[in-house]
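The structure appears below as structure tokens.
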Amino acid sequence: MQARGPRKVRPGSWLAWLTLALALAQGAAWASDRTIEEIKVEAEARAERGAYPLNGLYPNDVHEALSAIKTRNPDEWAAAFSALANRYMHKAQTAPNPSEADANFLRAWRLYYFAQWPAPTSPGKRTAYAKALDAFLMHARLLDPPLEVVRIPFEGSEIVGYLRIPKNVPGPVPVVLAIAGLDSGKETVAETYAAALAHGLAFFAVDSPGTGQAPVKASETADRIYSSVIDYLAERPEIDKTRILVHGLSFGAYWAAKLAHTEHERLRGVVAQSPAVHNYFQPEFFAATMNTHEYLFDRVPALLSAYDNVHSVDDLMNLYPKMSLQTQGLIGKPTAPLLVVGGVKDSQVPIADLDLLTHSGTSPREAWINPVGGHMGRESKGWTDPVIFQRVILPWLVRAATPAEH
């Protein structure tokens with residue numbers, strides 16, 4: 001008999017918690033992660049069509065690395081992809097010209113980053129992440145206009161971000177605070193946002209709390225790091241402090257949606273792309289989707305690694321209710337101009353959260369919703385990540401940044 005999906009239950013009820021407990025205890029089919037062989041098949045298929053998280057990787061590189069992997073051991077995964085990345089780092093360092101060197105630095109960075117994907121949760125993956133940063137910064141040294149590595153002091157640590165400012169544009173210029181997701185990283189965001197420079201937009205790419213080089217883990221107060229970034233950007237003479245925008249992707253969209261409320265007086269506009277808002281943080285939704293196959297693998301370990309004082313799913317479920325923007329009393333409050341982006345068939349963030357954010361408040365907001373799209377609004381063909389960025393998000397940001405008299 002075919003296994004049924006989870007019964008719909010009232011958020012926060014005893015039945016919701018029982019649903020989660022049974023899912024974890026029984027290993028229900030709808031809550032199982034992929035085997036290594038299933039991961040290999042799916043990874044190669046995504047590499048062939050350039051789908052996340054393998055966009056930018058060469059299919060033959062992916063096939064070679066996967067051929068060396070026999071188990072789900074994270075260090076075995078890291079070693080296989082890192083070995084291939086090492087080869088391209090050597091080619092880059094011995095290349096006869098900057099163009100060839102840059103191409104190999106990029107290839108190495110993407111392989112190192114996938115070696116640590118979705119999060120550096122083991123010694124081998126942590127080593128791969130460090131090498132990914134090195135490879136990316138080698139690539140960044142060859143960029144024009146330059147990429148500035150910014151270090152903002154923060155609570156005894158520092159916020160690390162990447163700032164690029166367009167050349168030959170009368171300043172001060174608008175800037176987009178671009179917040180990466182759970183498993184993407186500010187490096188990936190910086191590559192995407194290179195396209196914004198030609199439109200006169202600067203960008204500041206930064207990691208989400210609990211990921212990458214972020215100075216704090218995720219918690220209900222971790223958005224304070226972005227308030228510090230806004231403080232910093234407002235003091236840069238090249239930046240127009242009246243035209244600061246935010247774009248958050250996936251996990252980053254949660255922080256963007258929160259900033260749209262808490263920093264609405266300082267922000268010119270906010271794009272929240274598949275934001276968790278309230279329903280996402282309810283236990284029955286997590287139980288039904290914690291290992292959705294829309295996510296390649298290891299979503300739960302990545303989530304656990306991102307949050308403060310969270311070591312188990314039970315810990316995560318105890319924290320999640322506090323993360324809800326509705327529970328925090330923000331939904332319905334004034335916001336900066338807002339664009340909500342996503343897909344109806346998203347199995348990672350419920351469309352109900354996008355509806356809640358779109359239909360609340362007192363001022364108009366815009367939405368771009370793909371009725372057949374999944375997470376981030378993407379499809380396997382047609383509305384891919386680059387297409388959505390180029391045709392939906394970037395034009396909206398340019399319009400939002402344009403002075404009213406124009």
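The values are calculated or read from the model by the stated rules, or taken from the named source; none is laboratory data. Note that the coordinates shown come from a computational prediction; the quantities given were computed from them, not determined experimentally. Ideal geometry is used to build each Cβ from the backbone, glycine not excepted, and the neighbour counts take in all protein chains shown.
Observations on the model:
- Test: residue in the range 282-296 that is free of Cβ contacts under 8 Å to residues at least 60 places away in the same chain and farther than 24 Å from Asp207 by Cβ: no
- Taking each residue of the range 133-155 that is over 16 Å from Val189 (Cα atoms) and looking for partners that are among the small types (Gly, Ala, Ser) and buried (at least 18 other Cβ atoms within 10 Å of the Cβ) with beta-carbon atoms closer than 7 Å, six or more apart or interchain, yields Met138/Ala92.
- Enumeration of residues in the range 118-130 that are outside any helix (DSSP H, G or I) and either in contact with a His (Cβ under 6 Å, 6 or more places away or on another chain) or of a type in the set (Gly, Ala, Ser) (or both): Ala119, Ser122
Listed here are the residues, each with its yes/no results for (1) modelled with pLDDT under 75; (2) touching a Leu at 6+ places or on another chain (Cβ under 7 Å); (3) in a loop (DSSP other than H, G, I, E, B).
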| site | (1), (2), (3) |
| --- | --- |
| Leu20 | yes, no, no |
| Trp30 | yes, no, no |
| Asp33 | no, no, yes |
| Ala43 | no, yes, no |
| Asn55 | no, no, yes |
| His63 | no, no, no |
| Arg72 | no, no, yes |
| Asp75 | no, no, no |
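- Considering (1) touching an Asp or Glu at 6+ places or on another chain (Cβ under 8 Å); (2) closer than 16 Å to Phe204 by Cβ; (3) modelled with pLDDT of 95 or more, the lone condition that Val149 does not fulfil carries the number (1).
- Qualifying residue in the range 206-218 (condition: of a type in the set (A, V, I, L, M), surrounded by fewer than 24 Cβ atoms within 10 Å (Cβ to Cβ) and under 17 Å from Leu259 (Cβ atoms)): yes
- Conditions (1) touching a His at 6+ places or on another chain (Cβ under 9 Å); (2) farther than 21 Å from Thr188 by Cβ: number failed by Pro96: (1)
- Of residues in the range 63-84 being within 22 Å of the chain's Cα centre (by Cα) and not small (Gly, Ala, Ser), the one farthest from Phe297 (Cα to Cα): Phe81
- Filtered residue count, the range 103-117, keeping only those that are buried (at least 24 other Cβ atoms within 10 Å of the Cβ) and either touching a residue at least 40 places away in the same chain (Cβ under 8 Å) or assigned to a helix (DSSP H, G or I) (or both): 10
- Among the residues examined, Tyr254 qualifies as among the aromatic types (Phe, Trp, Tyr), buried (at least 24 other Cβ atoms within 10 Å of the Cβ), touching a residue at least 12 places away in the same chain (Cβ under 8 Å) and assigned to a helix (DSSP H, G or I).
- Residue count for the range 165-175, restricted to those that are in contact with a helix residue (DSSP H, G or I) (Cβ under 6 Å, 6 or more places away or on another chain) and crowded, with 21+ Cβ neighbours inside 10 Å: 2.
- Where helices (runs of 4 or more DSSP H) fall entirely within the range 266-384, those with at least 3 residues that are over 20 Å from the mean Cα position of the chain (by Cα) and either buried (at least 21 other Cβ atoms within 10 Å of the Cβ) or of a type in the set (Asp, Glu) (or both) are at 283-289.
- Residue match in the range 60-69 (condition: more than 27 Å from Thr384 (Cα to Cα), surrounded by fewer than 21 Cβ atoms within 10 Å (Cβ to Cβ), in contact with a helix residue (DSSP H, G or I) (Cβ under 7 Å, 6 or more places away or on another chain) and in contact (Cβ under 8 Å) with a residue 12 or more places away in the chain): yes
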